[in-house]
Amino acid sequence: MPRSVSKKQGGWTVFPKSKSDIVLRELHKRKALGFDDLWNDLRDRFLGSRVKKKAESSVARWDRKSTKVVLWRLEKRGLVKKGERGYRLTEGGSSVIHPRESARRWDGRWRMVMFDIPEKRREERHWLRSQLILLEYRPLQKSVFIGKWPLAEDLYEELLGRHLRECVHLLTVGDIDEEDIEDLLG
């Protein structure tokens, strides 16, 4: 079971924290996906912008080989099966995804994360950007990200632990120019 799929008080943790979570979510969107199509989707989604390329995360360091390793591990755990038309979720993989997906009903409010982290703490800034990208937030500017979902509680705790809370501002916004934002978020 991927690390982010854990029973917590009041429900399931719904945010991706690992490459396995991201691959499962991509396979959930389609019936079957060949390796090249999957790799291209992942590359385009997570490595497309200059900001994303600078993010020092495991996702930013993905390559074709590590994607194959992730698929092999998921297949070994019975969550993914390789068939004639490509990779697809098994019943076990679907059972991991469905509780999380059903818990993800968007409330119609956008979440905006703005930060001003000093240059001497550059690594922390890159870490935050990579975490936001994993949580499906997209950059509006280098230090302003927007997403549909509230930040995970463990990210708040990590911000406190890294002494970044004073550098980060969180907003919840009801109405914004949604067409442009929805194009950005895909």
Taking only the alpha-carbon atoms of the range 110-185, what semi-axes of the equivalent ellipsoid follow from 5 times the gyration tensor eigenvalues under a square root, in whole Å, largest first?
22, 13, 11
Measure off 7 Å from each Cα along the Cα-to-Cβ vector at Glu91 and Asp107, then give the distance between these two points in nanometres to one decimal.
3.6 nm
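Laboratory data are not the source of any read-out in this text; all were calculated from the coordinates shown. Quick caveat, the model's predicted, so the values are computed rather than measured. Here the Cβ is made from the backbone with ideal geometry for all residues, glycine too, and neighbour counts use every protein chain on show.
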